[in-house]
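Here is the structure we will look at.
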Amino acid sequence: MITVYTGQGKGKTTSALGEALLAYSKGKRVLVVQFLKGSTYSGELMGLNRLGIPLIQFGVGCRWAGMIRTGLKHCTGCGECFRQNRTPEIGLEMVHLALQYVSNEVQANTYDVIILDEVSHALNRHFLGLDQLSELLLRRSSLHWILTGRDMPDTLKSMVNSWWELTMLKHPFAKGVKSRRGIEY
């Protein structure tokens, strides 16, 4: 089973994590791999860690992550952490490491559900080929895969079972409300 959460709105990772929590509550072994994200502070990182669900980040992180985690600083949404990961010098290596890690876990039959969070960015920046991803997804049919990220390539539609397009209709950001700890991050 392969599920995609894509679109320009919020909620892609949140939807995937909702499925992860449901699977975990039923005794399924769950892995979350984040592409081109690293040592950023996020609520999902802390929450999943408390539950014992591994979330592995493959990317360079925010220089302020430690202070944000403790509440001494607020995430300003500057995007520096995302821009660094989009350079080929960093991105190619991180995506290769992520792909190798996931391949090893699939081979070892460690998990029942694997979430490839923000994998669309790796695809769209050509750090990961569609053929590489397809080969990984089809390697073990008993796995439930969840793929997230904006602008997921339409060419994947033919191989997925469920495709969700999330669109933001209204959000406090539009009125200048800053991101809220425990809600947006």
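Bear in mind that the values in this text are calculations on the coordinates, not laboratory data. On a predicted model such as this, the values are computed, not experimentally measured, just so you know. FYI the Cβ positions are ideal-geometry reconstructions off the backbone, even for glycines, and counts take in every protein chain you see.
Some points to look at:
- Under the span-like rule (Cα at least 15 Å along the axis, Kyte-Doolittle mean at least -1.0), DSSP H helices of the chain: 12-25, 88-108
- Total lysine pairs under 24 Å (Cα atoms) in the chain, excluding pairs fewer than 8 apart on one chain: 18
- Relative counts (whole %) of C-alpha pair distances in segment 80-185, using bins that are 10 Å wide: 11, 38, 32, 16, 2
- Comparing HIS126, HIS74, HIS171 in a Gaussian network model of the chain where C-alpha atoms under 10 Å apart are linked, the largest mean-square fluctuation is found at HIS171.
- Tail weight of P(r) past 30 Å, computed on alpha-carbon pairs of the chain, percent: 15
- Spread over its residues, the convex hull of the C-alpha atoms of segment 1-109 is 125 Å³ per residue.
- Using Cβ point charges alone (K and R +1, D and E -1), the dipole size of the chain about the Cα centre works out to roughly 800 debye.
- Scattering curve values for segment 63-131, log₁₀ I(q)/I(0), Debye with Cα scatterers, q = 0.13, 0.14, 0.17 Å⁻¹: -0.53, -0.60, -0.79
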